[in-house]
Amino acid sequence: MPIVLNLVIFLLFTQPANAATLQPDDWETLRRQWEYSHAVNAAVALLAFGCTRLASLR
């Protein structure tokens with residue numbers, strides 16, 4: 001499930017920011033969105049890793 005969440009975050013926030021860089025009218029907002037989406041995705045990936053690790057210990 002967390003990996004699906006990574007994909008959703010990418011499609012909703014990261015990809016639109018990447019696509020909008022072709023016309024960077026408001027680049028500061030785009031940069032912030034891009035950075036936050038990557039930070040949230042990293043946290044979700046860490047959660048997925050932790051869940052996987054915990055499941056492997058049982």
Whole-percent carbon and sulfur share, accessible surface of the chain, 1.4 Å: 69
Potential lengthening between ASP25 and VAL4 on full extension [0.36 nm per residue; Cα-Cα distance subtracted]: 4.5 nm
Difference of contour (0.36 nm per residue) and Cα-Cα distance, LEU57 to ALA39: 3.8 nm
Nearest-ten-degree value, helix 27-57 long axis tilted from longest Cα axis of the chain: 10
Two-site FRET efficiency, GLN15 against LEU47, from Cβ-Cβ distance with R₀ of 25 Å, rounded to 0.05: 0.70
The chain: projected area of the alpha-carbon convex hull, averaged over directions, in nm²: 3.7
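The values are calculated or read from the model by the stated rules, or taken from the named source; none is laboratory data. Note that the structure is predicted; figures quoted are calculated from it, not measured. We place every Cβ from the backbone using ideal geometry, glycine too, and count neighbours over all the protein chains shown. These area figures cover heavy atoms from the full protein model, side chains too; ligands, DNA and RNA do not enter into them. Shrake-Rupley method; radii C 1.70, N 1.55, O 1.52, S 1.80 Å.
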